[in-house]
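Heads up: the structure comes next, in structure tokens.
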There are 2 protein chains.
Amino acid sequence: MALRFTSEQRLDDGVLEREFTLGEIPGILWTPASTPEPGPAPAPAPAPLILLGQPPLGLRKMYPRLVARARHAAADGFATATIELPGSGDRPRWDAVDQARAELRRTVEAGEPVGAELVDALVLPLVARAVPEWQAALDALLSLPGIGGPVAYSGGVISIGVRLAVVEPRLVAAGLFAGSFVPRAILEEARQVTIPLHVLLQWDDEVNDRQAALDLFDAFGSAEKTLQANMGGHTGVPEFAGDDAARFFRRHLK
Amino acid sequence: MALRFTSEQRLDDGVLEREFTLGEIPGILWTPASTPEPGPAPAPAPAPLILLGQPPLGLRKMYPRLVARARHAAADGFATATIELPGSGDRPRWDAVDQARAELRRTVEAGEPVGAELVDALVLPLVARAVPEWQAALDALLSLPGIGGPVAYSGGVISIGVRLAVVEPRLVAAGLFAGSFVPRAILEEARQVTIPLHVLLQWDDEVNDRQAALDLFDAFGSAEKTLQANMGGHTGVPEFAGDDAARFFRRHLK
């Protein structure tokens with residue numbers, strides 16, 4: 001799929017923010033101030049790339065948090081990019097996933113347990129469609145001047161991170177957020193993951209199952225894996241946890 | 001109890017290492033290179049103090065790891081001190097605790113589960129005797145020139161750290177190692193702990209019960225508590241975990 005830039009702005013800290021489309025998929029690329037502009041001369045030291053995963057809430061809604069992560073990474077010399085998930089934001093609605101989400105809301109509001117079949121319906125189709133899209137984005141992004149070197153995945157929808165870590169050999173490390181439901185099939189796939197992992201868990205996350213997150217962490221096959229659990233609820237990740245994650249990426253991308 | 005220095009040496013990085021006795025208890029104090037020598041002039045900026053907890057294996061045996069932690073802390077401007085645990089090292093043998101340890105070895109070698117009564121016999125007498133000794137050491141150390149300001153506890157025998165965090169108001173933070181058995185009474189006490197905590201857990205610790213460590217972390221009453229789990233067995237804490245713990249102490253002691 002062809003990547004086409006649709007807008008460009010320089011942020012106050014010098015980070016270059018470019019919106020793009022990859023086929024029909026909207027995305028955003030941030031490159032650090034020191035990265036050479038795209039052009040005919042090859043970049044002398046290509047920036048490592050962190051793929052910014054996000055929950056399926058739409059890029060516009062997630063933008064403030066995404067750009068904050070992008071600026072943080074750019075300060076370490078890393079490029080970052082994200083793409084809209086299928087069925088989210090401005091992309092066409094996806095009835096099957098919308099129905100599963102409506103069923104999830106109904107179940108949670110009724111105080112009923114969220115069953116394994118509902119988790120599968122919520123997550124597995126999303127993983128199956130999103131992971132090849134991330135890989136296509138990776139193909140396109142790594143062919144740009146100034147971007148290259150090792151690649152990491154960071155953030156939301158942990159099942160997408162797990163599948164990507166299994167199928168994508170260019171990924172050298174992943175920082176995952178244990179904040180969403182995990183199908184049994186993904187728990188099994190986790191045993192095949194061998195890259196270094198840094199997993200954030202909000203201990204009292206009101207929308208996540210702590211034991212499922214601990215089971216997933218236990219399942220990962222990686223020789224280096226760190227679980228960092230903090231207090232503060234689903235969206236209350238403390239600032240120092242972001243700093244610790246940044247140090248993880250510096251260790252593995254530099 | 002009176003603190004009396006018995007030897008003094010300057011390490012190659014400028015850290016001053018002084019052995020002392022507190023009554024009959026041997027101990028070691030390390031102060032950073034920039035701390036003024038003891039003398040009549042009061043120190044202008046007293047160094048925060050980290051109490052270095054340790055397993056009951058004796059100061060001589062633990063010295064290499066203790067001095068490494070002391071040098072690391074001194075580089076951040078912190079004084080560190082440790083004292084010999086009752087019944088360990090050169091201190092008089094303690095039959096009751098020795099018998100409990102022999103029983104533990106027998107139980108583990110026989111592949112039997114370690115029961116709650118044995119855990120109580122192993123840990124509770126040690127906590128009851130050691131905590132007042134740490135507090136007496138704190139009284140004496142904080143009266144020395146060049147040492148003062150906030151105090152933290154770091155390291156081994158997590159139950160000692162829990163009790164100290166409950167009873168000692170001068171403690172502002174604790175970095176704990178979830179690597180020893182925890183009596184039920186200590187699990188209950190943990191709910192009264194309110195200071196910031198950084199808890200290290202070796203995920204596949206061969207001599208520790210992971211679920212007990214998770215239950216203890218869950219029990220702590222602190223609004224800021226972080227659990228960091230890593231791979232590598234009981235003594236295999238990765239170097240970056242030490243760096244993360246150092247950042248925790250910098251956040252809370254400076």
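The values are calculated or read from the model by the stated rules, or taken from the named source; none is laboratory data. Small disclaimer: the values here were computed from a predicted structure and weren't measured. We place every Cβ from the backbone using ideal geometry, glycine too, and count neighbours over all the protein chains shown.
Considering every residue within the range B:176-198, establish whether at least one is farther than 24 Å from A:F249 by Cβ, away from every other protein chain (no Cβ under 14 Å) and touching a strand residue (DSSP E or B) at 6+ places or on another chain (Cβ under 8 Å). Yes: one or more hits. In the set (1) more than 9 Å from chain A (Cβ to nearest Cβ); (2) crowded, with 17+ Cβ neighbours inside 10 Å, B:W203 fails one condition alone, (1). Of the candidates A:R247, A:R210, the single residue that is farther than 21 Å from B:A245 by Cα, within 10 Å of chain B (Cβ to nearest Cβ) and modelled with pLDDT of 90 or more is A:R210. Among the residues making up the range A:70-117, those that are surrounded by fewer than 13 Cβ atoms within 10 Å (Cβ to Cβ) and in a loop (DSSP other than H, G, I, E, B) are A:D90, A:P92, A:R93, A:A110, A:G111, A:E112, A:P113, A:G115. Note on the range B:40-63: residues that are modelled with pLDDT under 95 and surrounded by fewer than 20 Cβ atoms within 10 Å (Cβ to Cβ) total 12. For the range B:86-95, check the following and say yes or no: at least one residue is in contact with a Lys or Arg (Cβ under 6 Å, 6 or more places away or on another chain) and modelled with pLDDT of 95 or more. Within the range B:86-95, one or more residues are in contact with a Lys or Arg (Cβ under 6 Å, 6 or more places away or on another chain) and modelled with pLDDT of 95 or more. Each residue in the range A:152-162 was checked for being modelled with pLDDT of 95 or more and either surrounded by fewer than 23 Cβ atoms within 10 Å (Cβ to Cβ) or more than 13 Å from the chain's Cα centre (by Cα) (or both), and 0 of them qualify. Residues that are touching a strand residue (DSSP E or B) at 6+ places or on another chain (Cβ under 8 Å) and either without any contact (Cβ under 8 Å) to a residue 40 or more places away in the chain or among the acidic types (D, E) (or both) within the range A:74-133 comprise A:E84, A:D90, A:E133, listed in sequence order.
Filtered by the rule that a residue be within 25 Å of B:L171 (Cα to Cα) and aliphatic (A, V, I, L, M), the range B:72-121 gives B:A73, B:A74, B:A75, B:A79, B:A81, B:I83, B:L85.
With the structure loaded, tell me whether A:E189 is of a type in the set (D, E) and over 16 Å from the mean Cα position of the chain (by Cα) or whether it fails that test. Write out each step before concluding.
Details: of a type in the set (D, E): yes; over 16 Å from the mean Cα position of the chain (by Cα): yes.
It is true that A:E189 is of a type in the set (D, E) and over 16 Å from the mean Cα position of the chain (by Cα).
The listed residues are A:A245, A:A241, A:A212, A:A173, and the only one of them that is touching a residue at least 24 places away in the same chain (Cβ under 8 Å) and closer than 29 Å to A:A100 by Cβ turns out to be A:A212.
None of A:R91, A:R101 is more than 22 Å from A:L164 (Cα to Cα), basic (K, R) and within 21 Å of the chain's Cα centre (by Cα) except A:R101.
Tell me, yes or no, whether the range B:217-229 has at least one residue that is surrounded by fewer than 21 Cβ atoms within 10 Å (Cβ to Cβ), more than 9 Å from every other protein chain (Cβ to nearest Cβ) and touching a residue at least 60 places away in the same chain (Cβ under 8 Å). The answer is no; no qualifying residue exists. A count restricted to the range A:230-244 and to residues that are surrounded by fewer than 21 Cβ atoms within 10 Å (Cβ to Cβ), at the interface with chain B (Cβ under 9 Å from one of its Cβ atoms) and under 22 Å from A:G77 (Cβ atoms) stands at 3.
For the range B:191-216, the set of residues classified as within 14 Å of B:S180 (Cβ to Cβ) and not acidic (D, E) consists of B:V199, B:L200, B:L201, B:Q202, B:V207, B:N208, B:R210, B:A212, B:A213, B:L216, listed by residue number.
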